[in-house]
Amino acid sequence: MAKEKIREGIVHIYASHNNTLMLLTDITGSETIAKCSGGQVVKADHKQGTPYTAMKIAEIIAEKAKERNINNVIVKVRGPGGNKSHSPGKGSEAAIRSLTRNGIRIKSIENVTPLPHDGCRRKKKFRTKKK
């Protein structure tokens, strides 16, 4: 019996509060193998950032990873970052959990949210009109 070679990949998860995007690349990060977003899974726009949608996205990505014999992945989670929110949205945890449930082994999870080093000024805070 020949030993089956264990292939690796990188799963990039972009989870904002309004949407979740997932991208599966090879280990170098240059070749895209599969990608999926919340808009491809649900019809209503307000449901794109929910954990249920992220779970369905992860199932699609895991299925395409198995087709390419990718067993181990490195997960890179990203929030909006910059001068917006630094925390990833609700879909990131559900997506990671769903990947493991679908038979993908996760080697490591890292947060790659871009943080400003006192770069741009934040947007002016919205205040309601006083009567």
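Quick notes on this one:
- From Y14, Y52, residue being modelled with pLDDT of 95 or more, of a type outside the set (S, T, N, Q) and under 15 Å from I109 (Cα atoms): Y14
- Residue match in the stretch 65-79 (condition: farther than 14 Å from K35 by Cβ, out of contact with any strand residue (DSSP E or B) (no Cβ under 6 Å at 6 or more places or on another chain) and in a loop (DSSP other than H, G, I, E, B)): yes
- Residue check, P116 over 30 Å from K5 (Cα atoms) and surrounded by fewer than 14 Cβ atoms within 10 Å (Cβ to Cβ): yes
- Residue count for the stretch 86-104, restricted to those that are part of a loop (DSSP other than H, G, I, E, B) and under 19 Å from A65 (Cα atoms): 3
- Within the stretch 1-41, being within 10 Å of the chain's Cα centre (by Cα) and hydrophobic (A, V, I, L, M, F, W, C) holds for V11, I13, A15, L21, M22, L23, L24, C36.
- Filtering the stretch 34-58 to residues that are within 17 Å of G79 (Cα to Cα), of a type in the set (S, T, N, Q) and not in a strand (DSSP E or B) leaves Q48, T50, T53.
- Residue within the stretch 73-95 that is hydroxyl-bearing (S, T, Y), in contact with a helix residue (DSSP H, G or I) (Cβ under 6 Å, 6 or more places away or on another chain) and in contact (Cβ under 8 Å) with a residue 24 or more places away in the chain present: no
The values are calculated or read from the model by the stated rules, or taken from the named source; none is laboratory data. Remember, predicted model here, so these are calculated numbers, not experimental data. As a convention, Cβ positions derive from the backbone with ideal geometry for all residues, glycine included, and neighbour counts pool all protein chains shown.
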